[in-house]
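The values are calculated or read from the model by the stated rules, or taken from the named source; none is laboratory data. Note that the coordinates shown come from a computational prediction; the quantities given were computed from them, not determined experimentally. Every residue, glycine as well, gets a Cβ built from its backbone with ideal geometry; the counts of neighbours run over all protein chains shown.
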Amino acid sequence: MNIQLKRPIAIFDLETTGINITQDRVIEIAILKIHPDGTQETYEKRVNPGIKMTEENMAIHGISNENLINEPSFGDLAPEIKAFIAGCDFGGYNSNRFDVPVLVEEMLRVDSEFDISSAKFIDVQNIFHKMEQRTLSAAYKFYCQEELVNAHSALADATATWEILNAQLEKYSELKTDVDFLADFTLAHDFSRVDFAGRLARNEKDEVVYNFGKNRGKTIKEIMRTEPGYYGWMLNADFPLHTKQCLKNEVDKIKKLEASAKAKSHQKTDSKLMDEKLNQLKNKFKQ
């Protein structure tokens, strides 16, 4: 094992009904959990998404609507998935842009608390694209000298991703083997993202800004003042639940800071008035 692990890493892959983060659903999840001592555990489940897939979707992964009728819903599986990946860092292929956001959406959709704020995320695709510019099957052949059998089978893809990561660490001497370095390295240009979808980001002053559309680069605080309806529009529009959660947290933080500043201002004003009254009384007694 080439990577240095301080805690378990969960290499995972999702098969879904499509590629829309906010609307599509998980139909299969596979997780390969590697412990710091090198031991491995696997978790693999199919999921009833509650919506129908198109023929085009089914042709990609070979899973039909009929295959999923009697499978559990994501809500049924959420507790055991959370338990399996508790305390883990994460790895995957294109996982920072797709698998992680989709997993978070599913958790939020079933009102399951899912705090992964302390986790590190290694996206093997980002390493691959920085180094070689290929697809997953090509990456497996390039790094592992083997053909990827059962591509688009979640467990096969997750296992291949783990093997590729180990081969990458062996091939590129400039890659450090600790998770912190690899997580930072695979962030690519996404280092400033606040939410997984990248709709919110931090500027050079560490202020949270909108990262899309007409208000790109403008701070949340500024738009709250100049266009107060924009916040409500985002909460009701088709944005990822995680994006909405991050936006709400930032707005609540801003309101709390403004309320605190206002209260302190009032306290200073009251204190000043009290001092003036005391001075008036003192002057009156002197007379």
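Table for the structure above
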item	result
Flag for residue 82 being free of Cβ contacts under 8 Å to residues at least 40 places away in the same chain and touching a Ser or Thr at 6+ places or on another chain (Cβ under 8 Å)	yes
Residue match in the stretch 34-49 (condition: in a helix (DSSP H, G or I) and surrounded by 13 or more Cβ atoms within 10 Å (Cβ to Cβ))	no
Flag for residue 254 being farther than 18 Å from residue 104 by Cα and surrounded by 18 or more Cβ atoms within 10 Å (Cβ to Cβ)	no
Residue check for residue 90: within 21 Å of residue 34 (Cβ to Cβ), assigned by TED's automatic domain parsing to the domain that holds residue 35 and at pLDDT 95 or above	yes
Residue pairs meeting the criteria (Cβ under 6 Å; at least 6 apart or on separate chains; first under 20 Å from residue 205 (Cβ atoms), in the stretch 222-238; second at pLDDT below 95 and surrounded by 13 or more Cβ atoms within 10 Å (Cβ to Cβ))	223/215; 223/230
Members of the stretch 93-126 found to be among the β-branched types (Val, Ile, Thr) and modelled with pLDDT under 90, listed by number	116
Contacts under 6 angstrom Cβ, first residue in the stretch 240-264 being basic (Lys, Arg), partner at pLDDT 90 or above and part of a helix (DSSP H, G or I), 6 or more apart	244/235
Condition broken by residue 196, with the remaining ones in (1) surrounded by 20 or more Cβ atoms within 10 Å (Cβ to Cβ); (2) assigned to a helix (DSSP H, G or I); (3) not acidic (Asp, Glu) satisfied	(2)
Single condition residue 57 does not satisfy, out of (1) more than 30 Å from residue 169 (Cα to Cα); (2) touching a helix residue (DSSP H, G or I) at 6+ places or on another chain (Cβ under 7 Å); (3) not acidic (Asp, Glu)	(2)
Options 85, 21, 63: the member that is aliphatic (A, V, I, L, M), crowded, with 18+ Cβ neighbours inside 10 Å and modelled with pLDDT of 95 or more	85
Residue check, residue 30 hydrophobic (A, V, I, L, M, F, W, C), without any contact (Cβ under 8 Å) to a residue 12 or more places away in the chain, more than 24 Å from residue 238 (Cβ to Cβ) and not assigned by TED's automatic domain parsing to the domain that holds residue 235	no
